[in-house]
1. So if I check each of 398, 317, which one is over 23 Å from residue 102 (Cα atoms) and modelled with pLDDT of 95 or more?
2. Looking at region 261-270 only, could you name the residues that are in contact with a strand residue (DSSP E or B) (Cβ under 7 Å, 6 or more places away or on another chain) and more than 15 Å from the ligand (Cβ to nearest atom)?
3. Quick check on residue 21: is it assigned to a loop (DSSP other than H, G, I, E, B), acidic (Asp, Glu) and at pLDDT 85 or above?
4. Tell me which residues, restricted to region 408-449, are at positive phi and touching a residue at least 60 places away in the same chain (Cβ under 8 Å).
5. Can you confirm whether region 322-334 contains a residue that is touching a strand residue (DSSP E or B) at 6+ places or on another chain (Cβ under 8 Å), in contact (Cβ under 8 Å) with a residue 60 or more places away in the chain and of a type in the set (A, V, I, L, M, F, W, C)?
6. Please count how many residues of region 506-528 are surrounded by fewer than 12 Cβ atoms within 10 Å (Cβ to Cβ) and outside any helix (DSSP H, G or I).
7. Look at residue 359 and say whether it is modelled with pLDDT of 95 or more and touching a Pro at 6+ places or on another chain (Cβ under 9 Å).
8. When residue 78 is evaluated against the numbered criteria (1) within 11 Å of the ligand (Cβ to nearest atom); (2) touching a helix residue (DSSP H, G or I) at 6+ places or on another chain (Cβ under 9 Å), which criterion, by number, is the only one it fails?
Amino acid sequence: MSIETSAIESRRTFAIISHPDAGKTTLTEKLLLFGGAVQQAGAVKARGDQRRARSDWMKVEQERGISVTASVMTFEADGCTFNLLDTPGHEDFSEDTYRTLTAVDSAIMVIDAAKGIETRTLKLFEVCRLRDVPIVTFVNKMDREARDPFELMDEIEKTLALDVTPATWPIGQGRDFHGCYDLIHDELILIDRGAGNKLPEIEKCAGLDDPKIDARLPAALVEKLREDVEMIRGLCQPFDEESYRAGHLTPVFFGSALRSFGVRELLQGLGEMAPSPRPAKATTRMVAPTEGKVAGFVFKIQANMDKNHRDRVAFVRLVSGEFKRGMKMKHVRSGRMLAINNPVQFMAGDRETADLAYAGDILGIPNHGTLRIGDTLTEGEDLAFLGVPSFAPEMLRRVKLDDPMKVKHLRRALEQLAEEGASQVFRRQIGGDYVVGVVGPLQFDVLKSRLLAEYGLDIEFESVPFELARWVDADDKKTIETFADANKMNLAEDHDGALVYLARNQWYLQRAKDDYPNVRFLATREQI
Ligand code: G4P
């Protein structure tokens, strides 16, 4: 079967990684504006503020409709179809944020020009590195007091162990920010210092010695620009597409999302450099996006639009083929065929029924709990996609239940919620306590409210003497048994029965690693 390869080649499925407040929401809004998707500036921003205000499950639930539609934003620009996957950021930071990065082909890393690489950015970058996801860097807020751009480039290079090469270079900063020089297209891009949303002015130049530059900028800034660029050309290697696509080099763009400056160049850069849907690794083989048959995997579950029905939407990343509504797909884990009659797609904030979708696109499939994170759908082939792992939680709490008659009920509820992927549950080998793990603290509140609202379980969380959880693995059974015998107090099982070591802190984890060099302590676990 032949399929529209041009539709696949023009797709760019990406996410934005950043530390809270670096400007992800503002940049998202401006990208959508440039993509012609959102008429009204502020639409995305309003959502950002609402998210920040979330404090309990009722509020979370009220906003469900909003957050579902914001999970994927599709827009078109420069002949490309962009799928921007939202990575929940503030209090709604969770394992979903990490797992979304398993469903993209590239990412934009937004950095606050005054702050450089911050903790959350670093964590998200490490998740990208697991799959060598190529990264384009956007240094934001150049209209404010910023750090020296050379210093920032040096920090990116050293902290992330990435080669850096500027794609644009800033001219001045803060009040004196005049714009950028586009080193790839030889263009002078000047900021409109008046209105925030006005498009910057672009002057095509014949290189840096072009007298047009002298005519447009103060002499001191021109001199500095020429010196800087000479230095860059001596210090940085030129942009190398192969190295970028292998995740070894990041092109850097400078700008101000608030003033819509540098956003057009960033989007253009993404269209030109970022990969179209990449082949994906499955248990039996690699699957190419241009293959005729449709295949995809679930990377996120959004729960209970209607709490009485336990409705869930499974977000499926299409890896190959051309999807048509009504297709029958094999749910590989259960072996059952499912008719996908009412899939949804998300065009710039609106949910629409998806009649046609291609590799790289995201489909929302409503279901009653059949689909789990990591599940594969195919047209019949028995294969399972790899690389949609569980991530080790970063916070652990014991679940305290007053009514002992409800222990079984609790177990089922926690397992169901763990399958959705926002939290994890571990059952300790000694005592049988349930320990819940999350990567963002709001998930504890969400979990407590949902257990009460959906399962009628009133629970409390108590602290535990553990900070870290690692899945335990080794080449032979004996090694695991020896380790398990000596560490019973620290062992638990996850919702799939996999063995987990709970460590008091980093020091104890390191000691376990030193004492048992043949045991692997894994921070991620494949879902198959
Ligand atoms: P986030 O999603 O990454 O958390 O960041 P968000 O876009 O919400 O931006 C955080 C703050 O930084 C906002 O200010 C926003 O206006 C500001 N900001 C974003 N990009 C730029 C930029 O290029 N230049 C400048 N000067 N500021 C920028 P706030 O005061 O928190 O919100 P608001 O009251 O302005 O809406």
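The values are calculated or read from the model by the stated rules, or taken from the named source; none is laboratory data. Computed from a predicted structure; not experimentally measured. Every residue, glycine among them, receives a Cβ derived from its backbone with ideal geometry; neighbour counts consider all protein chains shown.
1. Working: 317 fails: over 23 Å from residue 102 (Cα atoms).
398 is the lone residue from the list that is over 23 Å from residue 102 (Cα atoms) and modelled with pLDDT of 95 or more.
2. Listed by number, the residues that qualify are 267, 269, 270.
3. Yes.
4. Keep residues of region 408-449 that are at positive phi, which gives 421, 431-432.
Answer for region 408-449, where residues must be at positive phi and touching a residue at least 60 places away in the same chain (Cβ under 8 Å): just 421.
5. Looking for residues that are touching a strand residue (DSSP E or B) at 6+ places or on another chain (Cβ under 8 Å), in contact (Cβ under 8 Å) with a residue 60 or more places away in the chain and of a type in the set (A, V, I, L, M, F, W, C), one finds none in region 322-334, hence no.
6. Kept after step one, since they are surrounded by fewer than 12 Cβ atoms within 10 Å (Cβ to Cβ), are these residues of region 506-528: 506-507, 514-515, 517.
Next, from what is left, pick out any that are outside any helix (DSSP H, G or I): 517.
Adding up the residues that qualify gives 1.
7. Details: modelled with pLDDT of 95 or more: yes; touching a Pro at 6+ places or on another chain (Cβ under 9 Å): yes.
Considered against the rule, which asks whether it is modelled with pLDDT of 95 or more and touching a Pro at 6+ places or on another chain (Cβ under 9 Å), residue 359 comes out as yes.
8. So the condition that residue 78 fails would be (1).
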